[in-house]
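Chemist: Please see the structure below; I have some questions.
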Amino acid sequence: LCEQVQVLPTLSICCIIMSNQNRKAPHKKESILELNKLIDSKCRVKCLGGRELVGTLRGYDELVNLVLDDADEFLRDPEDHNKITDKKRKLGLVVVRGTQVSLVSPEDGLEEIANPFMASEEEME
């Protein structure tokens, strides 16, 4: 009985070592973003602070850091800082930090629509 007690701890340590060797590396999650199909095309990027950029997407990483070439920033209306004007500022080659990116969309086919969740002015009166 005493010999069995001494053998069991050694056996359990061996089993743990063997089970660790048989484990596979954790499966790396694939990104749900399909930014690869937007490479070398014009994209619009909206950032958390309200900035909007348009440029050619040259690269990205798993943290959604973006590299935009020939980038332009849309300027805000000086009277209403929530509105974006059609005026642009040329930026050139920029890196946008992924923590600031809230939306990436292709520039082609982009159409702004009215927000269906906002009450219309007529309903407010």
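Chemist: If the chain between residue 79 and residue 34 were fully stretched, how many nm would it gain, using 0.36 nm times the residue separation less the Cα-Cα distance? Walk me through the numbers before you get to the answer.
Modeler: On the way: separation 45, 0.36 × 45 = 16.20 nm, distance 3.72 nm.
Difference between extended and current length: 12.5 nm.
Chemist: Follow-up question, since we're still on this one. Calculate log10 I(q)/I(0) of segment 37-115 for q = 0.11, 0.13, 0.22 Å⁻¹, where I(q) comes from the Debye formula with a single equal point scatterer on each Cα and nothing for solvent.
Modeler: -0.27, -0.38, -1.06
Chemist: Please tell me which of these pairs span more than 22 angstrom C-alpha to C-alpha: 46/83; 46/87; 37/90; 37/88? Display every interim value, and only then the final one.
Modeler: On the way: 46/83 13 Å; 46/87 16 Å; 37/90 25 Å; 37/88 26 Å.
Going by Cα-Cα distance, 37/90; 37/88 fall outside the 22 Å limit.
Bear in mind that the values in this text are calculations on the coordinates, not laboratory data. Please read these numbers as outputs of a predicted model, since none were measured by experiment.
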